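Notes to accompany the following structure.
The values are calculated or read from the model by the stated rules, or taken from the named source; none is laboratory data. Computed from a predicted structure; not experimentally measured. In this analysis, Cβ positions are derived from the backbone assuming ideal geometry, glycine residues included, and neighbour counts consider all displayed protein chains. Just so you know, the surface numbers come from the protein's heavy atoms only, side chains and all, with ligands and any DNA or RNA stripped out. Shrake-Rupley method; radii C 1.70, N 1.55, O 1.52, S 1.80 Å.
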Amino acid sequence: MVLEEFEENFFKDEKPVQLEFTLFHDQWEQLHNEIMENGWSNQEAIQYFLTIGLRTVHDLDQKEKIASGTGNEASLLDEALQERLLLESRYAVMRFRAYQFMQAAKTLEMKYNSALVRIQILENLTQKKESDSK
């Protein structure tokens with residue numbers, strides 16, 4: 001039950017969306033190199049890069065608004081935005097991994113329950129066979 005509560009709270013109102021798109025070979029090579037260097041799955045990498053891309057777009061909008069400020073403010077903003085970018089992109093990958101683990105845990109739980117039922121059936125058959133042979 002703890003697993004269900006965690007899933008309900010962590011993924012509240014979340015529904016996975018399946019995407020399919022085409023990349024050019026040079027884009028795929030760059031992406032694939034990053035995937036291999038970081039030990040990611042393709043899906044984890046896409047989560048990471050989509051999050052980092054969205055955050056970059058939002059950050060550029062913020063930087064344009066503050067561009068008229070002093071150099072010090074812009075420098076502090078750059079540092080804060082870089083840290084935020086890193087944290088959000090890592091969070092996206094961890095969140096996706098948690099989702100994958102949750103799905104695997106559900107599958108394992110179903111298999112475990114199925115195995116328990118089979119064990120019980122086999123025990124009942126064994127008892128019946130032993131009682132029949134007496």
Checklist entry - How big is the C-alpha Rg of the chain next to the rule-of-thumb value 2.2 N^0.38 Å, as a ratio? => result 1.77
Checklist entry - Quick one: Cα convex hull volume of region 1-71, Å³ per residue? => result 200
Next on the checklist: Restricting to DSSP loop positions (anything but H, G, I, E, B) with no more than 13 other Cβ atoms inside 10 Å of their own Cβ, which trypsin sites (Lys or Arg not before Pro) remain in region 1-64?
Outcome noted: Lys12
Checklist entry - So what's the gap between the Cα centers of region 77-92 and region 100-127, to the nearest angstrom? => result 43
Item to check | Relative contact order of the chain, pairs being alpha-carbon contacts under 8 Å that are 6 or more residues apart, as % | outcome: 27
Checklist entry - How large is the accessible surface per residue of region 1-113, computed with a 1.4 Å probe and reported in Å² as a whole number? => result 81
Next on the checklist: What is the percent carbon and sulfur in the accessible area of region 24-132, measuring with a 1.4 Å probe over the protein chains and ignoring ligands?
Outcome noted: 58
Checklist entry - Reachable lysines from Lys128, Cα under 26 Å, same-chain residues fewer than 8 places away excluded? => result Lys111
